[in-house]
Structure formats: C-alpha cells, structure tokens
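Following: one structure in structure tokens, then a few remarks.
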Amino acid sequence: MVCSIGRLYAKVNDYAEDNYYTQNQGLTNSQWYGQGAEILRLNGRVSTAEYNNAYQGLDTQGNPLRQRQSGKKYNPGRDITLSAPKSVTLLGLVKEDRTVIKAHQQAVKTTLSYIEQNCIFTRTGKGGANHLQTNNALFAVFQHDDNRNLDPQLHSHCVIFNQTQGEDGKWRSMDNRELYQQKMTIGMVYHHELGRRIQTLGYELDWNRDGTFDVRGYSQSQLREFSTRKQEIEQAVGQGANAATKARACTTTRKSKIHQAESERRELKLRWQQKAEQLEIKHPEVNYQHQQVTNLKAKSKLVIEATEIVSERQVAFPRHILIKESLRQSQGSYSLEDIEREINQNKSLVKIKDGRLTTQTAIDREKQILHLTRNSKDRYLPLANTEIAKHQAQKLGLNKVQASALEYFVTNRDGVILCQGDAGVGKTYTVKALKETISSDVNMRGLAPSASAASELSKGADINSQTLDAYLNIPIKSLPKNELIVVDEAGMISSTQMKNLLERCEQTNSRILLIGDIKQLAAVQAGSPFKLLQEKAKLPTIRIDKNVRQQNIQLKEVVDLLSTGQIRQGYEKLNEQGSIKQIPIDSLRLKAVVSNYLERDIKTQPQTLILAGTNKEKDAITKQIRQGLIEQGKLSQQSQHISILKPKDLDKFSLTQASGYEIGDVIKFGHTTARFSKDLYYRVDVIYKNTGTLTLRDSLNHKQDLELNTYKDRAVFKSETRELRCGEQMKFTRNHYQNQKKQINGQQFTVLGFDKHGQIEIKTKCKTQTVNPDALLYSDYRYVDTVHSSQGKTANYCIYAAGSGKSLTVGKESFYVAASRAKHEFKVYTASTKALGLSVEKSRGQENALSLVMKQQLNQQLSTPSREQEFKLLVAAKYLVESQGKSDLQNPQIKSFRTSDGTEIKRDRDSLTISHKGQELKFDRDNATVNNTFSINELKQQIKTRTIEMQQHLKLTRTQTHSRTISR
C-alpha cells in the first residue's frame, strides 16, 4: 500500500520510533512541515506540547485557532502514511544506504508540497456553500523503520491537522474530500519522486504498469520473506480482495505497537541483516551509468500521450488525473515540477468552469459532428407518404406513439433522423414496421454498438445488421451508396464513432436513423453525441415513450417513474414493494442471490436474468450457481476442461511496457507481417524487462522475439481455464471465424456432451455441432450478465446484485437499465438500501465538451488578473528580493531569492520576475507588467504567501532593532 489515509493518534508518543524521547527537543524521528507550520512558527522536531496544541486546534500559546461547531464530533485531522516499496526498504535499512533514506525523505516533502498546493480546501458561507482552496496546511511528519511484525518497512506518518488559514487570516477546519479524491495521485507523486531520486543515485528499477516500481536485483520470494504483514492480510481476505477489504483487514489483524529501546533497535537491524545473509541476498550496487535516463521521451510528447489515454474515456477530467497518468508514463524521467509546468503550458488543454480540463480535440470533434448533421438537413426525398405510413401502422398494430414515429421516419427529409425511445417501448418493432413500409429498392443496414444488440436488431427488425465497429472497418470503396442506416442503442455510441459514422455517410450519400435512449447507459469511450445532437443540432427529435414491456402493474409504475427522471420516487416505491433486500455481509448477500435463482422451477429459471455491477461479482455468483446446478443434477458429473482467452485491455502505454505482460499471456496480431502471422496465436515465454522485449512461441512451436515498441497492432489476452459439464450454459465472447464458421459475440450455446477424442458437442439456437476445444477459445459462462452488457435485453424475471451500493458502476442510468429488463419481477440485493438509494440518484453518464465549456472560455484557458492584484505581488516580491536576496557572483547587478514553496524572485537593473512551476509574472523598470501567465487563483495565492513572508520579515526586523536599542 503506497498511500493510506486514516485516523491520527491522540498522543504523540504513539508516533515515537523508539523509547528515546526528550521532552524539550521532541521526537527524534519527527519534523514539522508546511506553510501552516511556518505561519505558526513551528519548526524542527515535534514536542508533546506542540502536538497536543495542534491536535486540539490551538496555537503555540494554547489559544483556539478556530471555532468548534457545537454538537459536532471534533475531528483533529488525518494520518497520511507514505510507504516505500520493500526493495527500497532493504536498500535503506538492511544494506544501510543512507542516501536511499534521504531520497525517501525528499519524496515525502515533495508529496506534502503537492498536497498543500492541490488538496487543501475549506468551506465558508451558509451551509458551507463556498468551496475555497487555501494552499496551506500544518503537517507533523514521523519516520518509521518497521511494521507491527517488526519487519523492515520504511514509511512516514504525515499527520495533517484539521486547520487551515484563509485569505482573510482566519483559521478554519479543512474539507477533506479532495484529499480522498486525490489519494491515488498522492501515492503516485510519492512513488514517482522516490523512484526518480533512487534512479538518480544509480540503482536500476523495474517500473510496473500502475506506476509503482521495484529496485532490480531482489527476487519476489526474497521480498516476501520480509513482508509477513502483507501475507497476514492476504491470508485473512484472500489475494483477490479489493483495497477497502484489505484496509479493514489491515486494522483488524494488526498487533499492538511495540516500543523498543535504542539498543533493541540496533539488535533488530542486526537480525534483519542476518536474515538477508541466510536468504543469500546480494544487495544491488550503484551503477553510475544508470544515473542518466536513456531514450528520454520529450515532456510535451509525454503529456500529449497521457492526455490521449485520460481523455479516451471521458471528455473532461480533473487536472490531478492527468498528472497521475503523466507520472505513470514518466517512470522517473521528469520531476513533478517538470510535468506540472508542461501541463500548464499545453495549449490544447482547455480549463472549464468547475476546474476540470477538456481538450481542444474533443471540442473540435463535437463541432464537426454538429456541422455534418446540420449540413445534411433537407437534402433527401421522403421515403414514403403519410397515407402509406398510416395504413401500415394500422395493419401492423402499432400504438399511437409508434405510428407517429413511423410517419415521422418516412416523411422526413433530413440526412440524420433522431428518435429518443425509452426502455421497453417497442423501438425495434417500429423499425420492422419501417422496413415493411418503404420501397424494397431502399437498401437498409442495421448497426449497433455491441454484437448482441446487432443480433437483436437483426432478429427483431428483420434487417441485416452488424456492429458499428465492423462497419467502420469496411474500406470506404467497398460500401454501397444511398443506404438507409438504422443505428440501434445510439446512446451507447462515442463521439469518435459518431464522427466517423457521419463522415462515411456523407461520402456514400447515406441517411442515418439514430434510435436510442439518453437516459440509459452511454458509451464506455468518451462523449455522448446522441445527447449532443438532441440538445444542440437544431433538429427535431421524435419520441417513443409508451412503455409496453412491463406486464406487472407495480413494476411498470416503478419503471415509468425512473423513465421520467423521478429516480427517488421510483426507488422508494420499489423498496415499499419489498423488492429491495438489504444484506450487509457480502457472502450472505451473494448466497441469497444464488438461492433465489436455484429455487426457481425448471420453467422460470431459464427466463431469469441475473445482473451484477462488476465482473468480480459476476464471477463470484457464477461460481456458486454452477455448484448449485451440479448438486441439483442439472450439470453432469462428467466434465472436461478447456482454455479460454480473456482480453487484458491494455492501454496504449501499457501495451509497450514489459510490466503489462505475464508468462503465458497470448498475443494475436491484427495483420500479417514478415515476422508475425495474424492467423497464429503467440504465447509469452520469456519477459526481458531491462530491454522491453518478449520471447514468443507460436502454435507451431517456433520462437520469435518481439520488441514491444514495434508491431503494435496486436491484442493481448490472459489464458484461463474453464470446466465444462453437460448442460453448461455458455456464450461466445468475440466475433470470430473458426473453420469458416462465424461465431457472434454474445451468441448463446449449450454443452451437450463430450466424445472419447475430446471433441465437444454444442447446441446453438440454430443447430447442433461437434467442435474441437480450440473452437471455444472465445467463450465463457453465461449465467450472469453485467448491467452494461444487458442493455437491449428482455427477460421475464430479473435479479440485480447491486453490491455495496457505493460502486461507481451504480448510477441512475445503470439502475434504470437494470429495472427495465424484466416483464414481471425485479429483485434487488444490496449491502445498504440507503447507500444504494443515494447512488442511483447520481448520473454516471458521459458528458460533452461543448456543453461544459463556457463561450468566453472556448479560446482561453485562464482569466486575466487585474493590475491591482499584480501590483500587490510586485510590492511584496520587491521587498523580499531586496531584503533577503543574494547577488549573482558573476553578475552583481542580478539579485535573486528562492522561497520555501519553490517560487523564484529575480531582480536586475531592468526588470523583476516572479516564477513558479513554469508560470511567470514579469515587470519592467517602470513597474509595468511585461508578461503574466499566472491564473487568478494562482496569483491570489502568490499575493497571500509573499505578503505573509514580507510581514513576518518586517516584524522580525523591528524586533531585532528594538533589542539592539535596549542593549545600548
């Protein structure tokens, strides 16, 4: 665990590294840090009195810094623990390389500075309506060398006390939400800065795909021998447990703290060294050739590539997410300050009103979508007339809403037709009616985001359908002209897909009918173009909103409330009906879900859809269901094991990193080259982390090396084993041709039996066939679906395992999808009805850049500061550089001063310049502003900090002058 945030100890002695403690000098392993400490004039070691005052919210004289809210439990602060990797611990504490300990201390300081500049907020105004950043905090840092099991473990407890000073000079309590939201970024900052500094010392590192690292030279088995706490936690919760479960286990399995005398600590270190000798550990040595990072990627390119990854799944993102991704890719090449400066100077990033960033690329893409759509308006002849449409509607039994939609489709003259259809309103049947209404000369093509949705469209509307990606991969020259393209589940299309689709249709003179629901789940990739077109394309949208799916009146009432945005009312009604079961204990809740399914009779069991919020829950439920079916005799005793392939979903960066691969992974190339065939599977045999190379073995047993920065058109899979029994319910997981037979992603099949040669008999809806086990590489169990994969499906009954209710996979869109799948019954199982109720009111949908960016911010990233604000900073900076600055030895006319937060003030005969993290404010000799790249907030913080420094220096100067006067 790199970074954890928890409660702090009430007594400073609990942070003591050993029993040695001097009342006046404070703990030997402690240090005050932060702008808050400077303001309160706390420095050096932490004493009992100082800690007690800070814990209680008092200044150094024992006076309250802020008002406490009556009736509210006092919150003294938080303990942020930063832990070095075990390999670094062995270098620093067992090998006793003091430069490594110093690197840890420097990384901790950099991390605390980052926290102070990015995570410290308070609330003011009625009900805390104003969320204000203060950029100052009070830290007490305690360095420790071991854990509760007395294993070596270098880490620092960074106690952040619950008080921060506002611009008005008043101290207030902190709002910790940003601290928790940036927890992973804080951990990344520490880990990256530590790795960068150790790399600079000359040690070789192996960077992992998540941005963590290990010092090269220690084996994993050696590191495990010094990690007994980690083993205890894994034994308590299992290796697959999530971070929250591990954190709870860390607390429940923790032994009492042991204080040791200095002599005992020396003996403990000796035992560590003896253990290292027994394990035949040879500590890595410094190699000064490794101090220089080779193959350095330019900072600008690094930030651009990091932005591409971050913006792939969301059009707007917090700045700290981009910092985290940039550091992950930097792998010690650049400092945090380098990365922040490059992000600040990146002109393609656009800051939006809530402080997040979007990209000019996203904005331009959405503008192009709107342009292509508007450009197709009134360009086509109607497909049929009103009379024909009405006749067909009556003939096919359409309801009034469906009939109105059909009439709109056939009489419309636009190139893009929009249809907003709620869940269960018969959209597919309306498309079938469209096909039967228009001339047979019109070539209709169906598209959908997923293979299962395309299959449903093909069956339900009787039109040839395929996935959108498959259509976009067809060479443009091979596409026919003048098609009518019907896109189902259009709300699940990303902005990139929509732009590419519209461009193709313009080139082929084809029309598009977009049918979907913006209230259901959006695309996994960035953007919500179907919503964008409804809101900003200035085209009418026909609506189909009469629910015809739910046959149960009570369930229909719930779904109708959800469809009209009355989420709370719909949820409460479902709960009142007794359809939401609260079972806090995970194992009991999953058991209840499984029992609900297994207790159903032979008729209703196949008509029941089970949904899970995550793949992990899905796998756990599947395992128990199969065991129950075996006990019921519905799955045979005879079994056979097969290998299947599951995508590893590596991003562009991880695809090129050795840490993204494991021995046994399978690689399939997208096209044939001189070295690799697209028709063969390649298994990873050897991984060379130091060169970024893999040795692959193909299915013909030939070996070939792959340099990971080459041949990037490849898919990477993890090979897993599945047990098959007669009666097994399976599905294909990828569109694939096997022996000239097409397998469709999502297509279901049942295992009928096995022969003596290992062949497997399976039955799809259409036919029975005998296949080789290799034909089932892209398959898996189909007892449970995720909510996302269920969109577009219908079942008589539905069971929804909603987990803790706090997951980011749970929101109003996913809950609406889950609730609207069933015709007759919908049951929900959750750990907390209250938490789930809060979660389902939140939108987890995709956003659009154009909707987020204010008009005046489209072409500018930063607001313009006022002349008055600039002058305030000039006065303070000029005083500081004149009173405390040092002259340049080579050029005495230049005087400079560097502040504790890294701001540099430089003054020469013609100008004064204030620089901080790549931003600059420059004045000429007449005090006129020459250049300013500071934002409003950053300028305000500079004014506040520099003014405080100036006032403190003035006060100190007066005191010294007064003392000299008295002495005379």
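The values are calculated or read from the model by the stated rules, or taken from the named source; none is laboratory data. Everything numeric here is computed off the predicted structure, so don't read it as measured data. Cβ atoms come from the backbone with ideal geometry, glycine included; neighbour counts cover every protein chain shown.
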Determine whether the range 106-122 contains at least one residue that is over 27 Å from the mean Cα position of the chain (by Cα) and crowded, with 20+ Cβ neighbours inside 10 Å. no
Considering 265, 248, which residue is of a type in the set (Lys, Arg), over 25 Å from residue 92 (Cβ atoms) and either at pLDDT 90 or above or assigned to a helix (DSSP H, G or I) (or both)? 248
By residue number, the members of the range 754-764 that are surrounded by fewer than 17 Cβ atoms within 10 Å (Cβ to Cβ) and either closer than 19 Å to residue 790 by Cα or over 39 Å from the mean Cα position of the chain (by Cα) (or both) are 755, 756, 757, 758, 759, 761, 763
Residue check for residue 321: buried (at least 18 other Cβ atoms within 10 Å of the Cβ), within 15 Å of the chain's Cα centre (by Cα) and either in a helix (DSSP H, G or I) or assigned by TED's automatic domain parsing to the domain that holds residue 415 (or both): yes
Could you count how many residues in the range 659-689 are within 27 Å of residue 216 (Cα to Cα), free of Cβ contacts under 8 Å to residues at least 40 places away in the same chain and either touching a Ser or Thr at 6+ places or on another chain (Cβ under 7 Å) or surrounded by 12 or more Cβ atoms within 10 Å (Cβ to Cβ) (or both)? 6
Select from the range 568-612 the residues that are loosely packed, with under 14 Cβ neighbours inside 10 Å, of a type in the set (Gly, Ala, Ser) and assigned to a helix (DSSP H, G or I) and list them in ascending order. 587, 595
Is at least one residue of the range 936-948 polar (S, T, N, Q) and either modelled with pLDDT under 80 or not assigned by TED's automatic domain parsing to the domain that holds residue 911 (or both)? yes
Based on this model, can you work out whether residue 536 counts as on the phi < 0 side of the Ramachandran plot and touching a residue at least 40 places away in the same chain (Cβ under 8 Å)? yes
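One line per residue, one yes/no per condition, for (1) over 26 Å from residue 113 (Cα atoms); (2) in the same structural domain as residue 509 (by TED's automatic domain parsing); (3) touching a helix residue (DSSP H, G or I) at 6+ places or on another chain (Cβ under 8 Å):
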{"position": "264", "(1), (2), (3)": "yes, no, no"}
{"position": "268", "(1), (2), (3)": "yes, no, no"}
{"position": "317", "(1), (2), (3)": "no, no, yes"}
{"position": "326", "(1), (2), (3)": "no, no, yes"}
{"position": "330", "(1), (2), (3)": "no, no, yes"}
{"position": "337", "(1), (2), (3)": "no, no, no"}
Residue list for the range 479-490, filter: surrounded by 24 or more Cβ atoms within 10 Å (Cβ to Cβ) and outside any helix (DSSP H, G or I): 486, 487, 488, 489
If a residue must be closer than 20 Å to residue 206 by Cα, surrounded by 15 or more Cβ atoms within 10 Å (Cβ to Cβ) and not hydrophobic (A, V, I, L, M, F, W, C), how many such residues does the range 696-719 contain? 0
Residue in the range 705-719 that is under 19 Å from residue 640 (Cα atoms) and touching a strand residue (DSSP E or B) at 6+ places or on another chain (Cβ under 8 Å) present: yes
Taking the stated definitions as given, is residue 746 on the phi > 0 side of the Ramachandran plot and surrounded by fewer than 16 Cβ atoms within 10 Å (Cβ to Cβ)? no
Does residue 139 satisfy the condition of being in contact with a Cys (Cβ under 6 Å, 6 or more places away or on another chain) and among the aromatic types (Phe, Trp, Tyr)? yes
Determine which member of the set 731, 668, 648, 742 is closer than 23 Å to residue 207 by Cβ and outside the structural domain of residue 619 (by TED's automatic domain parsing). 648
Determine if the range 20-30 includes at least one residue that is within 30 Å of residue 944 (Cβ to Cβ), modelled with pLDDT under 95, buried (at least 19 other Cβ atoms within 10 Å of the Cβ) and within 38 Å of the chain's Cα centre (by Cα). yes
Quick one: in the range 89-103, of everything that is at negative phi and out of contact with any helix residue (DSSP H, G or I) (no Cβ under 6 Å at 6 or more places or on another chain), which residue is surrounded by the fewest Cβ atoms within 10 Å (Cβ to Cβ)? 98
When you scan the range 195-214, how many residues do you find that are among the charged types (D, E, K, R) and in a strand (DSSP E or B)? 2
Check 130, 147 and return the single one that is free of Cβ contacts under 8 Å to residues at least 24 places away in the same chain, in the same structural domain as residue 57 (by TED's automatic domain parsing), over 23 Å from residue 323 (Cα atoms) and in contact with a Lys or Arg (Cβ under 7 Å, 6 or more places away or on another chain). 130
Which fully enclosed strands (runs of 3 or more DSSP E) of the range 691-749 have 2 or more residues being out of contact with any Cys (no Cβ under 7 Å at 6 or more places or on another chain), of a type outside the set (Asp, Glu) and at pLDDT 90 or above? 693-698, 703-707, 714-725, 729-732
Out of (1) over 25 Å from residue 765 (Cβ atoms); (2) surrounded by 14 or more Cβ atoms within 10 Å (Cβ to Cβ), what's the single condition that is false for residue 445? (1)
In the range 795-844, what count of residues is obtained for those that are modelled with pLDDT of 90 or more, small (Gly, Ala, Ser) and within 19 Å of the chain's Cα centre (by Cα)? 4
Against the condition closer than 15 Å to residue 209 by Cα, without any contact (Cβ under 8 Å) to a residue 40 or more places away in the chain and either in the same structural domain as residue 303 (by TED's automatic domain parsing) or within 29 Å of the chain's Cα centre (by Cα) (or both), how does residue 692 come out, does it pass? yes
Hey, does the range 180-194 have a residue that's part of a loop (DSSP other than H, G, I, E, B) and either modelled with pLDDT of 90 or more or surrounded by fewer than 23 Cβ atoms within 10 Å (Cβ to Cβ) (or both)? yes
Quick check on the range 107-121. Is at least one of its residues outside the structural domain of residue 341 (by TED's automatic domain parsing) and in a strand (DSSP E or B)? yes
Residues of the range 491-548 satisfying the condition of being within 29 Å of the chain's Cα centre (by Cα), polar (S, T, N, Q) and either at pLDDT below 95 or buried (at least 20 other Cβ atoms within 10 Å of the Cβ) (or both): 494, 495, 497, 520, 525, 528, 534
Of all residues being of a type in the set (A, V, I, L, M, F, W, C) and in contact with a Lys or Arg (Cβ under 6 Å, 6 or more places away or on another chain) in the range 631-688, which is nearest to residue 304 (Cα to Cα)? Just the residue, please. 658
